[in-house]
Amino acid sequence: MAEVAISKMLKEQFNLEIPLDFEVYSRGKWDDNDVEINGWHIDVKSTRIGHWLLIEWNKLNFRQKQGELPHAFFMCKTDWDMKVDVPKGSVDLVGCISTTKLKAGMPHVMVLRKGDCIPGTHTRLQADNFGVEFNDLQKDWKVIIEYMLHNSPPDLSEYPNPYTGKTQQQYVKQVSIEQEEKGFIACIIEKIKSFFQR
């Protein structure tokens, strides 16, 4: 429902047509991006009862290694009928945050570890997360969308991995070195084999 609400808002207010992905992904697997605006790749997050945008470190780690970090996250809140456990049909478009701001030490961004409670609740987290309270998100959709339409997305190659602190560039360099080392070792092994097969 959240992606549909975002798509509807973009169509009605900004005349932007956004194709939607309705695939369902299991825990630990993620889609590429929910929305793309002028080269900005955006993930749409939704909650029924929370007041926090929670971004799992696992997701950031996986997406960084794939070179597919989203540039921003849109947060929505789906109105829910708790008695019968079904959506009521309305969605509150809460706000947005740039991925560049999702780092330890940034204002309004909390590091929430696995086992910690979501602030103000007794709900324990099942994974490490960055948490941003709804009140601290950018809420002016006209400003958000106009900015995206008139500016290139940020370069995320220097975004630090929440677990290791490594950037995308460092990760690519490490993989490249490891592949070089494997190739060198394979070459030595072949030379040794050919020497003994004489």
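The values are calculated or read from the model by the stated rules, or taken from the named source; none is laboratory data. None of these values were measured; they are calculated from a predicted model. Cβ coordinates were reconstructed from backbone atoms using ideal geometry, including for glycine residues, and neighbour counts include every protein chain displayed.
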message = Exactly one condition in (1) crowded, with 16+ Cβ neighbours inside 10 Å; (2) within 15 Å of T47 (Cβ to Cβ) is false for M110; which is it?
response = (2)
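Picking from G120, G67, G105, which residue would you name as being on the phi > 0 side of the Ramachandran plot, assigned to a loop (DSSP other than H, G, I, E, B), without any contact (Cβ under 8 Å) to a residue 24 or more places away in the chain and exposed (fewer than 15 other Cβ atoms within 10 Å of the Cβ)?
Among G120, G67, G105, only G105 is on the phi > 0 side of the Ramachandran plot, assigned to a loop (DSSP other than H, G, I, E, B), without any contact (Cβ under 8 Å) to a residue 24 or more places away in the chain and exposed (fewer than 15 other Cβ atoms within 10 Å of the Cβ).
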task = Answer yes if at least one residue in the stretch 70-92 is part of a helix (DSSP H, G or I), modelled with pLDDT under 95 and not small (G, A, S), and no otherwise.
result = no
request  = Can you work out which of the residues in the stretch 164-198 that are of a type in the set (S, T, Y) and modelled with pLDDT of 70 or more is farthest from A104 (Cα to Cα)?
outcome  = S194
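Conditions tested, residue by residue: (1) hydroxyl-bearing (S, T, Y); (2) farther than 30 Å from C117 by Cα; (3) part of a helix (DSSP H, G or I); (4) at pLDDT 95 or above.
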residue: S7; (1), (2), (3), (4): yes, yes, yes, no
residue: E12; (1), (2), (3), (4): no, yes, yes, no
residue: L20; (1), (2), (3), (4): no, yes, no, no
residue: E23; (1), (2), (3), (4): no, no, no, no
residue: R27; (1), (2), (3), (4): no, no, no, no
residue: W30; (1), (2), (3), (4): no, no, no, no
residue: E36; (1), (2), (3), (4): no, yes, no, no
residue: I42; (1), (2), (3), (4): no, no, no, yes
residue: L53; (1), (2), (3), (4): no, no, no, yes
task = Please name all residue pairs, on different chains or six or more residues apart, with Cβ atoms under 6 Å, provided the first residue is in the stretch 89-102 and is in the same structural domain as S7 (by TED's automatic domain parsing) and within 17 Å of L10 (Cβ to Cβ) and the second residue is surrounded by fewer than 18 Cβ atoms within 10 Å (Cβ to Cβ) and of a type in the set (D, E, K, R).
result = G95/K139
